[in-house]
Amino acid sequence: MWPRLREVIRKELLQAMREPRMRVMLFVPPLVQLIVFGYAVNLDVEHARMAWMDQDRTPESRELAAAFTGSGHFSISATPEREAEAQALLDKDRVQAIVSILPGFARSVKRGETAAVQILVDGTNSNTASILSGYASKIVRTYAAEVLAEQQRIRLIARTAQAGEAVAVALPSVAAEGRVWFNPELRSRNYFVPGVLANVITVVTLIMTAMALVREKEIGTMEQLMVTPLRPVELILGKTIPFAVVGLIDVVLVTAAALLIFHIPFRGSGLMLLGCSVLFLLTTLGAGLFISTISQTQQQAMMASFFFFLPAFMLSGFAFPIRNMPLAVQLLTYVNPVRYFVEILRGVFLKGSGVQVLWPQMLGLSLLGTVVLGLSILRFHKRLD
């Protein structure tokens, strides 16, 4: 068995590496995906253009403007005087937010009354609008807390002067301290890049395996394989092992690039990552083998592979949180192996999770891989349909 299997693996590797298009497809897509998701896909909002419409024009309103510009998140790029001008700025996408200070702002602050600040955010991009709204609200809350502290200090001085001696006043306060675990800087790059591994393995192993047997049919070498002593299981292993090895090599390359180029934190175990990658390969190789048994041409195999990959990608939680999906779709994701592998990758990279935490995802990958690969082997026949 082993000599025959070794020759099939050798033949498959030579055939894959000899064709220029195949070499490009094995190694270029992982690099392209890594560059795109590492550099281009960035949901962080580090700097936003803001319009400042000050209808009060007092030291208090200018102090609030300084708080916005000093935060590092906003820069004042326009100072409209009328609402029509401000609306035109939003319509033409010249600013992403407008802060409007109404007349009487300083008077209300000095009297201790509620002073209104209107914040208008361009909601075309809901993610950006949510982040900018959070930034602006935090700046206003900080300013309000400083004003309140200053007024309390003035009142304390007045009561001390009235009493002629020091007056002890208990000023209640509540301090909230927030901590972000696993991704303290809240960088979307740290969130996306680990998930690229799942896409890389899926694309490479699924498409290559799906096209492996179909290529034999198209070039007419399947008849030659039929008259050899090869058994079906040997042919299956010989067709899948080379692409499994290529998938693991891509895992190492993408991981190394994520650490060295993008400085993604890696707090878990490398052996844990490779072991889970092998479990995930059971499902992708099995799905690719199944597609190859139902396809007659490489074009059909390619189209069927993308028909499998796109829904699996969309329902994996890679870009869209699963908890935000409808309940029926959430239940459907439990039969999606990419979902489990994406959770494992983020757990290993960002949290340093081990088997004691990720065993449910590993169990899900094992069950799905066994079922998919088993059904594919049962369907496979060493003959032409």
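The values are calculated or read from the model by the stated rules, or taken from the named source; none is laboratory data. These numbers come from a predicted model, not from an experiment. Note: ideal-geometry Cβ built from the backbone for every residue, glycine included; neighbour counts use all protein chains shown.
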Checklist entry - On the given criteria, is I139 at pLDDT 90 or above, of a type outside the set (G, A, S) and either assigned by TED's automatic domain parsing to the domain that holds G70 or not in a helix (DSSP H, G or I) (or both)? => result yes
Checklist entry - Is one or more of the residues making up the range 192-205 surrounded by 14 or more Cβ atoms within 10 Å (Cβ to Cβ), outside any helix (DSSP H, G or I) and under 17 Å from the mean Cα position of the chain (by Cα)? => result no
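Residues are listed down the side, and each one gets a yes or a no for (1) within 30 Å of S269 (Cβ to Cβ); (2) hydroxyl-bearing (S, T, Y); (3) at pLDDT 75 or above:
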{"residue": "A163", "(1), (2), (3)": "no, no, no"}
{"residue": "L197", "(1), (2), (3)": "yes, no, yes"}
{"residue": "T202", "(1), (2), (3)": "yes, yes, yes"}
{"residue": "L213", "(1), (2), (3)": "no, no, yes"}
{"residue": "P229", "(1), (2), (3)": "no, no, yes"}
{"residue": "P232", "(1), (2), (3)": "no, no, no"}
{"residue": "P242", "(1), (2), (3)": "yes, no, yes"}
Next on the checklist: So if I check each of R62, R57, R82, R4, which one is under 30 Å from L225 (Cβ atoms) and of a type outside the set (F, W, Y)?
Outcome noted: R4
Checklist outcome for this item: All conditions in (1) β-branched (V, I, T); (2) surrounded by 14 or more Cβ atoms within 10 Å (Cβ to Cβ); (3) out of contact with any helix residue (DSSP H, G or I) (no Cβ under 6 Å at 6 or more places or on another chain) are true of V32 except (2)
Checklist entry - How many residues does the range 87-100 contain that are closer than 17 Å to D56 by Cα and either within 34 Å of the chain's Cα centre (by Cα) or of a type outside the set (G, A, S) (or both)? => result 2
Checklist outcome for this item: Only one of T124, T160 is more than 23 Å from R49 (Cβ to Cβ), surrounded by fewer than 17 Cβ atoms within 10 Å (Cβ to Cβ) and of a type in the set (S, T, Y), namely T160
